[in-house]
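Colleague: What follows is a structure written as structure tokens; I'll ask about it next.
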Amino acid sequence: MLRWSAFPIFFVGILLVSSILVAILSGWFRLADQFRAFDEIDGRRFRFSSGRISRWKNASLWFPAGGIGFNNILKVTLNGRGFGLGVFFPFSIFMRPIFIPWSAVDSIRSERFLWKNFASIMLANDLGRIDLTGAPGRALLSSCPAQLIKPTQ
């Protein structure tokens, strides 16, 4: 039987393991290898944002492998060079901030799923897909280079 004094250790262990799994399944580690932000990112900031990150470009929201949802834990920063993503503590232990330049984006679409509008960002070189909902998604669509915006299918 687990003693109550061991619960904090058990809780921290579960939190660390789940953080690692989320980082692996979403493809965050792969993105961080190429786009890690070492400095503070300047620009328009959105805190407590939601989105979905998938390792696969053609992932569907209907399919369970459609990515990992980040509900109200994303930090999004937009500027003229690209956009940055980060997550709040304690998930940030394994998911370091990333900055994706516009040159690494293949296309951006405005999409709708049920009652949610979102910006769907397809990354170049099969690096995956990032969907941003709400104000960050709208701001990204209005601030990205015009040649990246593709018509909704």
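Where a number appears in this text, it was derived from the coordinates with a stated rule and is not lab data. What you see is a predicted model; the values in this text were computed from it and never measured. Note that each Cβ is placed from the backbone with ideal geometry, even for glycine, and that neighbours are counted across all protein chains shown.
Colleague: Taking θ = phi - 60°, what integer Hz values does the Karplus form 6.51 cos²θ - 1.76 cosθ + 1.60 yield along region 40-49, in sequence order, with x for Gly and Pro?
Modeller: The phi angles translate into 4, 8, 8, x, 6, 10, 10, 10, 6, 8 Hz.
Colleague: Now for a separate question. For region 111-153 and region 33-57, what is the separation of their Cα centres, given in Å?
Modeller: 13 Å
Colleague: Treat each spin label as a single point 7 Å out from the Cα along the C-beta direction, and report the Val12 to Ser103 distance in nm.
Modeller: For the pair Val12/Ser103, the computed spacing is 4.3 nm.
Colleague: Please state, to two decimals, what the Cα-based radius of gyration of the chain comes to when divided by 2.2 N^0.38 Å (N = residues).
Modeller: 1.10
Colleague: Taking the simple approach of a point 7 Å from Cα along Cα-to-Cβ for both Trp4 and Asp126, what is their distance in nm?
Modeller: The answer from the label model is 5.4 nm.
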